[in-house]
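To start, the structure itself, in structure tokens.
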Amino acid sequence: MKYRSRTIKSKWVKTKWLRGSGKVASYVPDTRLFKRTNLVAMLNSYAAVYCKPTGGSGGTGIMRVKKKGNEYLLQYGSGQSTHASMDSLYERMKKRIKGRPYLLQKGISLAKTKGNPFDIRVMVQKTDGGKWVSTALFTKIGRPGKVATNYNQGGNIGYFTPTMAGAGFGSDRIKSKEAELKRLGRQVGRAFDLHGKGFRELGLDVALEDGGRAWILEVNTSPQFYPLKQMKNKALYRRIVSYAKQYGRKG
Ligand SMILES: Nc1ncnc2c1ncn2[C@@H]1O[C@H](COP(=O)(O)OP(=O)(O)O)[C@@H](O)[C@H]1O
Ligand SMILES: [Mg+2]
């Protein structure tokens, strides 16, 4: 890393930090280690379960399981399979996982903007004065049928307000969600400070349910923002870069 900001890869460690923090714990969906017993229990409780590599990024290696009548539908980056039994499903998942550490997480049914599922990136940066600031909100709009909304998976970057309007939220709701998510970003920053020195930037991936309830899917410690460069309005990009300069990150 060429700039001064601490990173941590394990989604499991970060999930435990969030869960241990009173203010943000209620934003964390049920998350467990990948194990057969956990898979069975979660598929009994939830309509969809996500399975992701503990050290992954960019949407790679992510799988989603849904119950469909008496069968299980397993979806991943480039394909899908159906399984008539838990044994068959579990074996197929294990084959894809190849012994690497993986997590299971309650699937959140993402709100849709003009028919496309999206999630929200909350960019949080710490000033030289030690204050966490939520510097930018933007959205990642997925391709229908894709498991992940990531830019690397063909997702599109969107502006927060129009994406929310396209999902049917009125302007008052949009403003109050914006305030809530920015507050959440600062709270997550302070929660991370309790576990390590040197965090300067965090990127929260936040899913909104149809009704608007927000869930933290993960927290990135070296969030990318180069995709913002191509946006027509460069204000968000410039704002992030101006904060990033304080810890030596150029872009
Ligand atoms: N629990 C979940 N419910 C719904 N969608 C999810 C869930 N977990 C991940 N996703 C989708 O997959 C994407 C990538 O997952 P994420 O946890 O951010 O891992 P990565 O580090 O690969 O970006 C998310 O942005 C979201 O679109
Ligand atoms: Mg992510």
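The values are calculated or read from the model by the stated rules, or taken from the named source; none is laboratory data. Just so we're clear, the structure is a prediction, and the values are computed from it rather than from any experiment. Cβ placement follows ideal geometry from the backbone for every residue including glycine, while neighbour counts extend to all protein chains displayed.
Tabulated values for the structure
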{"quantity": "Test result for Gly154, within 16 Å of ligand 2 (Cβ to nearest atom) and either buried (at least 16 other Cβ atoms within 10 Å of the Cβ) or basic (Lys, Arg) (or both)", "calculated": "no"}
{"quantity": "Options Thr15, Thr37: the member that is in contact with a strand residue (DSSP E or B) (Cβ under 9 Å, 6 or more places away or on another chain), at pLDDT 95 or above, β-branched (Val, Ile, Thr) and not in a strand (DSSP E or B)", "calculated": "Thr15"}
{"quantity": "Matching residues in segment 149-166 - criterion: being within 16 Å of Pro227 (Cα to Cα) and of a type outside the set (Phe, Trp, Tyr)", "calculated": "Thr149, Asn150, Asn152, Gln153, Gly154, Gly155, Asn156, Ile157, Gly158"}
{"quantity": "Top-ranked residue of segment 139-195 - restricted to ones that are of a type in the set (Val, Ile, Thr), out of contact with any helix residue (DSSP H, G or I) (no Cβ under 7 Å at 6 or more places or on another chain) and closer than 30 Å to Ser81 by Cα, ranked as farthest from ligand 1 (Cβ to nearest atom)", "calculated": "Val147"}
{"quantity": "Segment 202-251: number of residues that are away from ligand 2 (no atom under 16 Å from the Cβ), assigned to a loop (DSSP other than H, G, I, E, B) and either of a type outside the set (S, T, N, Q) or assigned by TED's automatic domain parsing to the domain that holds Tyr50 (or both)", "calculated": "11"}
{"quantity": "Total residues in segment 65-118, condition surrounded by fewer than 19 Cβ atoms within 10 Å (Cβ to Cβ) and of a type in the set (Val, Ile, Thr)", "calculated": "2"}
{"quantity": "Candidate set from segment 44-64 (those that are in contact with a Lys or Arg (Cβ under 6 Å, 6 or more places away or on another chain) and of a type in the set (A, V, I, L, M, F, W, C)); member that is farthest from ligand 2 (Cβ to nearest atom)", "calculated": "Ala48"}
{"quantity": "Residue in segment 178-190 that is under 26 Å from Gly248 (Cβ atoms), in a loop (DSSP other than H, G, I, E, B) and away from ligand 2 (no atom under 16 Å from the Cβ) present", "calculated": "no"}
{"quantity": "Among (1) of a type outside the set (Gly, Ala, Ser); (2) assigned to a helix (DSSP H, G or I); (3) in the same structural domain as Ala191 (by TED's automatic domain parsing) - the single one Lys23 does not satisfy", "calculated": "(2)"}
{"quantity": "Segment 44-73 residues that are touching a residue at least 12 places away in the same chain (Cβ under 8 Å) and more than 22 Å from Arg100 (Cα to Cα), paired with ones that are assigned to a loop (DSSP other than H, G, I, E, B) and not small (Gly, Ala, Ser) (beta carbon under 7 Å, 6 or more apart)", "calculated": "none"}
{"quantity": "Segment 202-251, subset small (Gly, Ala, Ser) and in contact (Cβ under 8 Å) with a residue 24 or more places away in the chain, residue nearest to ligand 1 (Cβ to nearest atom)", "calculated": "Ala207"}
{"quantity": "Residue, farthest from Asn156 (Cα to Cα), within segment 230-245, restricted to residues that are hydrophobic (A, V, I, L, M, F, W, C) and surrounded by 12 or more Cβ atoms within 10 Å (Cβ to Cβ)", "calculated": "Ala244"}
